[in-house]
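Undergrad: For reference, the structure I am asking about is given below.
The values are calculated or read from the model by the stated rules, or taken from the named source; none is laboratory data. Quick caveat: nothing in here was measured; it's all calculated off a predicted structure. Every residue, glycine as well, gets a Cβ built from its backbone with ideal geometry; the counts of neighbours run over all protein chains shown. For accessibility, only protein heavy atoms count, side chains too; no ligands or nucleic acids. Shrake-Rupley method; radii C 1.70, N 1.55, O 1.52, S 1.80 Å.
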Amino acid sequence: MNIPTQAQIIIVGGGIAGCSVAYHLAKMGKTDVLLLEQGKLTSGTTWHAAGLVGQMRPNRNMTQMSKYGIELYALLEAETGLATGWKQCGSVNVARTPERMKVLKKQVAMANSFGVECHEISPQEAGDKYPIMRTDDLQGAIWLPGDGKANPADLCMSLAKGARNRGVKMAEGIEVTGVITENGKAVGVRTAQGEVRCEVIVNCAGQWARQFGRLAGVNVPLYSAEHFYIVTGKIPGVHPMLPVMRDPDGFIYYKEEVGGLVMGGFEPQAKPWKMDPIPSTFQFELLDEDWDQFEPLMTAALHRTPCLETAEVKMLLNGPESFTPDGNFILGEAPELRNFFVCAGFNSAGIANSGGAGRLMAEWIVGGEPSTDLWDVDIRRFGPFTGNRKALAERTGETLGLHYAMRWPRQELETARPLRTSPLYDILAAKGAEFGSKNGWERASYFRPEGMPRPGHTLDKPGWLPWMIEEQKATREAVALYDQTSFSKYLLQGRDALAVLQRLCANEMDVPIGKMVYSAMLNERGGFESDLTVMRQAADRFLIITGSAQTVRDFDWIKRHIAEAEHALLTDVSAMYSVLSVMGPKARELLALVSPDDLSPEALKFSWTKEIDVGFARVRAARMSYVGGPGFELYTPIEMARHVYLALMEAGQALGIRDAGYYALDALRIEQGRRAWGAELGPDETPWEAGLAFSVKLDKPADFIGKAALLNAQGLTLRKKLVTLVFDTGDAFAWGGEAIVLGGQSVGEISSVGWSPLAGACVALGYVRGDSANQAHAGTPAQIELWGERVAVKLYDRWPLPAKA
Ligand SMILES: Cc1cc2nc3c(=O)[nH]c(=O)nc-3n(C[C@H](O)[C@H](O)[C@H](O)COP(=O)(O)OP(=O)(O)OC[C@H]3O[C@@H](n4cnc5c(N)ncnc54)[C@H](O)[C@@H]3O)c2cc1C
């Protein structure tokens with residue numbers, strides 16, 4: 001087959017993801033698009049998907065994405081003339097346990113808040129909707145009338161037709177075997193049929209996306225697992241509009257097909273498909289049956305739908321599908337290579353998500369940046385270490401099951417850990433630290449007292465709460481030590497370093513040497529790309545500190561904004577420094593015991609830094625506190641961290657020093673109203689909405705990205721506003737994501753919540769939308785929807801309120 005030698009955009013892969021990206025690019029006017037498929041369209045994974053299409057995702061933006069996809073699928077046949085098999089049959093999700101029912105109730109509240117129709121129904125009502133199901137053991141269920149099902153291969157072909165109709169070229173039987181790069185940019189592909197030059201490549205290669213990415217030096221961390229369903233013959237009572245049914249406690253789902261059932265699921269311990277590399281000839285192929293692996297699903301299904309006892313099982317389908325380390329798909333421009341985009345790793349939800357993901361990908365390509373906050377699926381959430389194949393295989397065995405497993409609040413993934421550790425890891429582990437993982441770093445969540453068993457998971461007040469309260473108490477009343485080594489840290493050096501920072505940051509960055517500045521880094525829409533602290537170390541040298549999760553993302557954002565002619569070098573120095581945070585009213589007293597340097601408020605003002613001795617080490621002390629109150633962050637060369645820690649701990653015994661973890665840290669920063677990127681701050685929130693106007697200097701001489709948008713929005717009605725919620729009672733314990741109810745209406749969600757020693761109850765942060773965003777709140781009574789119950793809270797624009805003079 002002849003292929004052109006040039007196209008503006010090349011899409012690699014003709015599954016549903018590639019066809020959806022092509023369709024949306026064409027719809028946005030990009031028609032010089034060439035899609036290359038090594039086999040036939042749909043021949044990878046798409047052809048054998050079950051075809052369940054649900055709308056609910058864990059957050060607002062992702063739910064909007066899925067909702068859009070469904071709207072598209074409903075209209076596509078009319079547009080292209082090709083049937084999609086789309087049927088809005090609705091879906092029923094059932095709960096076997098009280099805890100699962102609480103989770104479903106939370107979903108109802110979230111769905112209502114996100115504009116998705118969703119109702120709680122009784123076991124009997126569930127049985128009415130799904131008569132072949134057994135309901136005597138159910139706690140309840142939810143009903144989503146807008147959900148449905150489609151025929152994946154037909155849907156994909158319909159998208160392909162819509163793209164072709166607008167001018168997209170699609171070539172089958174063309175394997176892309178190489179990527180041509182020039183000056184850090186993707187400029188073309190190699191195939192056995194010749195080279196094709198282009199401006200943009202989109203990797204939609206499904207389970208091949210990791211090995212295809214590697215051809216371009218791009219990390220696409222995904223790995224295949226064997227994935228199963230059975231197909232039965234006709235069953236009485238099973239008809240085309242029978243809803244989709246999910247029984248997550250049994251790990252199973254059902255869909256009607258030709259009068260019979262497709263029944264599959266997500267077993268807790270999955271089976272990675274250890275095929276490396278995956279051959280390009282794996283087209284319209286399946287893997288061998290494995291009834292042992294399917295057994296837990298079959299047992300659960302026989303229980304839930306006894307009609308299966310006598311039904312004819314036509315086949316056990318086993319097809320590979322790719323999964324990612326966190327169970328979310330991968331979208332965006334690769335940080336390693338400009339103009340190389342990835343849209344892959346759909347974790348068995350590619351049919352439901354590709355409609356929306358294809359549009360988001362096309363918007364990102366056409367607009368040069370994501371149109372909305374896509375952090376959950378952004379390729380830049382993965383560091384290079386995530387490409388390790390042993391880790392990927394083990395993690396895939398775990399993430400497949402997460403679809404239906406009961407997910408407890410703060411539950412951590414267990415595989416491929418520990419990996420990235422601070423020099424204090426063993427010491428803290430020996431002292432009872434229970435670790436959580438962020439961007440691969442092991443971080444103490446809390447310290448378990450000797451002899452106490454590890455608390456079990458719960459939706460209610462956690463067993464670790466009293467221990468964490470002790471850590472908080474030490475922070476507020478004496479001194480506590482937090483290991484914050486996992487912070488992302490970069491050095492920006494060179495003649496133009498200041499000019500780059502002035503352009504990227506909304507605050508004034510031209511500060512004296514030794515000073516630290518907190519600033520927003522905004523996009524053109526005035527939304528937070530990051531919030532960061534910058535320490536000026538010399539006229540032309542700055543140490544930039546950002547959150548642990550954003551190492552790749554923030555590096556990428558800063559790097560791509562350094563112009564070719566500018567002399568500014570960015571280096572990731574995260575692993576060079578430990579940050580030991582000494583927090584509390586006795587912090588200065590403690591440092592005086594281990595350092596001869598003067599750290600009095602006159603000698604070291606708030607937000608200033610200086611090099612000091614600690615024990616035998618030299619560290620840079622910064623007078624800073626994320627938890628609020630007095631405190632110092634010690635930027636310590638990593639090889640001296642152990643020494644500094646031991647010196648502080650030894651001297652601190654007399655002062656009541658305590659190790660403290662991230663649960664305490666997070667709860668205390670919430671109490672003090674400190675925002676966190678990824679929770680309160682993201683690309684969709686402006687400093688006006690986030691209440692961070694103080695960190696923006698509109699009158700600084702240098703222009704900065706986002707300034708025009710902020711000026712435009714100044715004084716206008718707010719779309720949303722960050723508020724503090726103080727719980728009326730100390731009996732309730734929330735975890736985040738709960739709907740905020742004002743005047744009976746759902747007006748937003750909680751972004752972060754923690755236990756506040758000051759309130760003796762939970763305190764939360766969250767955005768309120770609409771009218772309530774433009775009203776003042778100084779104790780406004782409201783409620784939150786906690787596992788289906790309404791809990792009284794008060795809303796404050798600012799809490800604690802400033803003391804009266
Ligand atoms: C058993 C099973 C049940 C499922 N059920 C559902 C469901 O109910 N709902 C749902 O939403 N999802 C479901 N899925 C998931 C869904 O099938 C996938 O997420 C989706 O098909 C992925 O689409 P894709 O376009 O990313 O990948 P693919 O369909 O695999 O497309 C990628 C294409 O890239 C091509 N390619 C790769 N490398 C190259 C190269 N170098 N050059 C040229 N071409 C290349 C491949 O040949 C392939 O055709 C299920 C999956 C399985 C296995």
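Undergrad: Sum up the charges of everything whose Cβ sits under 13 Å from the Cβ of GLY358, counting Lys and Arg as +1 and Asp and Glu as -1, but leave GLY358 out.
TA: +2
Undergrad: Of LYS274/LYS438; LYS489/LYS720; LYS40/LYS390; LYS697/LYS721, which pairs sit farther than 24 Å apart, going by alpha carbon to alpha carbon?
TA: Going by Cα-Cα distance, LYS274/LYS438; LYS489/LYS720; LYS40/LYS390 fall outside the 24 Å limit.
Undergrad: Full extension from ALA709 to ALA778: what is 0.36 nm times the residue separation minus their Cα-Cα distance, to one decimal in nm? Write down the numbers at each step before the final one.
TA: Details: separation 69, 0.36 × 69 = 24.84 nm, distance 2.86 nm.
Between ALA709 and ALA778, full extension yields 22.0 nm more.
Undergrad: Oh, and also: Test of understanding: what is the full-extension gain from ASP426 to GLU789, defined as 0.36 nm times their sequence separation minus their Cα-Cα distance?
TA: Numbers: separation 363, 0.36 × 363 = 130.68 nm, distance 4.19 nm.
Result: 126.5 nm gained on full extension.
Undergrad: Evaluate Rg over Rh across region 73-217, taking Cα atoms for both radii and Kirkwood's formula for Rh.
TA: Over the Cα atoms of region 73-217, Rg/Rh equals 1.17.
Undergrad: Quick one: of LYS559/LYS605; LYS87/LYS129; LYS586/LYS794, which pairs are farther than 23 Å apart, Cα to Cα? Display every interim value, and only then the final one.
TA: Working: LYS559/LYS605 32 Å; LYS87/LYS129 16 Å; LYS586/LYS794 32 Å.
Among LYS559/LYS605; LYS87/LYS129; LYS586/LYS794, the Cα-Cα distance tops 23 Å for LYS559/LYS605; LYS586/LYS794.
Undergrad: Calculate for the chain the 222 nm mean residue ellipticity that helices alone would give, adding -39,500 (n - 2.57) per DSSP H run of length 4 or more and normalising by residue count, nearest 500 deg cm²/dmol.
TA: -7500 deg cm²/dmol
Undergrad: Same structure, new question: Remind me, relative contact order of region 321-385 in percent, using alpha carbon pairs under 8 angstrom and six or more residues apart? Walk me through the numbers before you get to the answer.
TA: On the way: 79 pairs, mean separation 22.8, N = 65.
The value is 35 percent.
Undergrad: Give or take rounding to whole Å, what are the principal axis extents of the alpha carbon atoms in region 77-154, in descending order?
TA: For region 77-154, the Cα extents along the three principal axes come out at 46, 32, 18 Å.
Undergrad: How much accessible area per residue does the chain have, in Å², with a 1.4 Å probe?
TA: 38
Undergrad: Only sites in a loop by DSSP and with at most 12 other Cβ atoms within 10 Å count here; which GluC sites (Glu not before Pro) in region 257-328 make the cut?
TA: Answer in residue order: GLU312.
Undergrad: Given a 1.4 Å probe and the protein chains all in place, what does the accessible area of ARG588 round to, in Å² to the nearest 10?
TA: Its heavy atoms expose roughly 90 Å² to the probe.
Undergrad: In the chain, what percent of the accessible surface is made up of carbon and sulfur (1.4 Å probe, ligands and nucleic acids excluded)? Present the calculation step by step, with values, prior to reporting the outcome.
TA: Working: 15470 of 30400 Å².
Carbon and sulfur together cover 51 percent of it.
Undergrad: Distance from a point 7 Å along Cα→Cβ of ALA538 to each backbone N in region 492-522: keep the residues under 20 Å and list them by number.
TA: Zone members listed by number: 492-502, 509-517.
Undergrad: Zone of LEU716 (label point 7 Å along Cα→Cβ, backbone N under 11 Å): which residues in region 675-690?
TA: Output list for this probe position: empty.
Undergrad: Still on this structure, I have one more. Using every Cα-Cα pair within the chain, state what percent have a distance larger than 54 Å.
TA: Taking all Cα-Cα pairs of the chain, the fraction more than 54 Å apart is 11 percent.
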